[in-house]
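A short write-up of the structure that comes next.
We did not get these values from a lab; they are worked out from the coordinates using the rules stated. Quick caveat, the model's predicted, so the values are computed rather than measured. With ideal geometry, Cβ positions are generated from the backbone for all residues, glycine too; neighbour counts draw on all protein chains shown.
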Amino acid sequence: MDINKVLKKQRKSYVRFMLSMGFIFLLLPMVLWLTKQITTFFLGYLVIIEALILALMIMRYNEEYLKSELVNDKIAISILGGRVKYKISYSKVALVHTIPNEKYFDILIITKSNFRNKRMRVVTKKALEKYSDIEKHYRKIKMPESGSYYYFIVRRGGAKKYLLLDLLYKYSVSAIFTESAVKNIKEYRNLNTL
């Protein structure tokens, strides 16, 4: 299966979900109006259901949104509907690791600087214990005189994370990729060449 087919399938599923939720969102008030059952109970119930449908649509939009693009010598990654943005210089990426998830995977990126981004966290012993697979690779790149290293995790985007991982692999030549990241890159490239 081609990764482009997977992306199209993911996009079609997203569009179907949004259209069906939008249809329900518009249909419920019309049904209430047509049945002439306009009481405070039904209006309150309708408001609660409409709010839940709207919240679900926003959650799904945030779950699917992932954009990555090249800007000069940086990779710009935006998630959560474009509200959270990371700009990473190719030369500052130190380590890339993928964390297996139920459907796809999460991408953990360790950098040498935080790029004026408050969402990046400092790599601590607690973080290394939580992600034990990266500890041996982190020890290889961490020099005593070098400053703090920072990390962030890309959890959203579905199959679009394959494109981001391939982009990181192409342009971050000085970065170390863990075995799981290389396995996912090979999977992406095998799917793309078939």
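Sorted from fewest to most neighbouring beta carbons within 10 Å, what does the list 137, 97 look like?
Details: 137 19, 97 23.
Least to most surrounded, the residues fall as 137, 97.
Once every DSSP H run of n ≥ 4 in the chain is given -39500 (n - 2.57) and the sum is divided by its residues, what mean residue ellipticity at 222 nm do you get, rounded to the nearest 500 deg cm²/dmol? Walk me through the intermediate numbers first.
Details: 6 runs with 98 residues, N = 194.
Theoretical 222 nm ellipticity from helices: -17000 deg cm²/dmol.
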Show the residues, 5+ positions off or on another chain, whose built amide H is closer than 5 Å to the amide H of residue 99.
106, 107, 108
Relative contact order, percent, the chain [alpha-carbon distance under 8 Å, six or more residues apart]
25
What size of dipole, in debye to the nearest 20, comes out for the chain about its Cα centre when the only charges are +1 on Lys and Arg C-beta atoms and -1 on Asp and Glu C-beta atoms?
360
Calculated FRET efficiency for the pair residue 30/residue 69, C-beta based, R₀ 35 Å, to 0.05:
0.30
Cβ-based charge dipole, the chain, positive-most Cα from 75, 152, 44:
75
Among 125-136, 154-165, what's the highest-first ranking by average C-beta atoms within 10 angstrom per residue?
154-165, 125-136
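Could you rank the peptides 34-44, 53-63 by their average count of other C-beta atoms within 10 Å per residue, with the highest value first?
On the way: 34-44: 9.4, 53-63: 13.3.
Descending mean neighbour count gives 53-63, 34-44.
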